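Colleague: Handing you a structure now.
FYI, it's all coordinate maths here, none of it is from the lab. Computed from a prediction, not measured in an experiment: that's the story for all the values here. Positions of Cβ are generated from backbone atoms using ideal geometry, with glycine treated the same way; all protein chains shown enter the neighbour counts.
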Amino acid sequence: MAPFALLKRSPVFILMSFAALACTSPDPMGTVDEFETRRAANAEERRQNMPDAGGDEPAGCTARADINGVFLLAVDTSVAPGSPMFFESTVVYDDSVDPPTMAMTMKPLTAAAFAPPGFEVIEPPYEVLGMTYEATAVGPVPVAEDGTFELDFGTTNVVGDANPITGRDIQATLTVSGEIRSADAVCGAVNGDLIAPFAAPLAGSNMGMVRVSDGDFAGATALLKCPPCGGEMDEGMGGAMDDGEG
């Protein structure tokens, strides 16, 4: 299968995640101004370090496949595009039923800025916004013949150590409209709403998953969105960013 559009993790890439969650001031206008400044700076740095995207489009596009196993999940929000958060995603795929089903459990990965060296799985239970939570789980849900599925995570709580900007806790509602591209790659659209540390819609967000061997999240290459079927890749899909740049 031809390669997907991928974004290579780097120190700069790890430090840029959910820029909107970097609110440190109780003043709403101050928070917005700080976010806009940070978002613009991050976007410019990403643009300068992003080489031209290359490679062919994936063949076959979507289809059912055995996606049992552990993946690196990137959630790239419309609030701060290009600055994803990362999770360990464990998928249980059952093709013994008709239609096949899938279930998913998510655990956040540490952000290097606040929990060096980063990309370590944060095990539950989690203390988020003064409450205790277990790992986020959903399913099983049916997988259509074309490999598409819907996952409604409801209210998702993410511990602050997964937020590389300020270490602030995050709460959001998330629904994933996904598609299986191969046994090693899944992608899709994310909808919902950011609840804390402030309110914002998440419509237009994306996610990508790539299979990880032996828990090597730091050495994996993240998929941020679905490459178009039969279309040309653009820079928003991402090319490979070399480690150590920026």
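Colleague: With r as the distance between the Cβ atoms of A63 and T221 and R0 = 22 Å, compute the FRET efficiency 1/(1 + (r/R0)^6) and round to 0.05.
Modeller: According to the calculation, E is roughly 0.50.
Colleague: Could I have the simple spin-label model distance between S96 and T132, label points 7 Å from Cα toward Cβ, reported in nm to one decimal?
Modeller: Those two pseudo-labels are separated by 3.4 nm.
Colleague: Would you work out the Kirkwood radius for the range 101-226? I mean one over the mean of 1/r across all pairs of different Cα atoms, in Å.
Modeller: 15.5
Colleague: Return I122, I195 ranked ascending by Cβ neighbour count within 10 Å, so the fewest neighbours appear first.
Modeller: The most exposed by this proxy come first: I195, I122.
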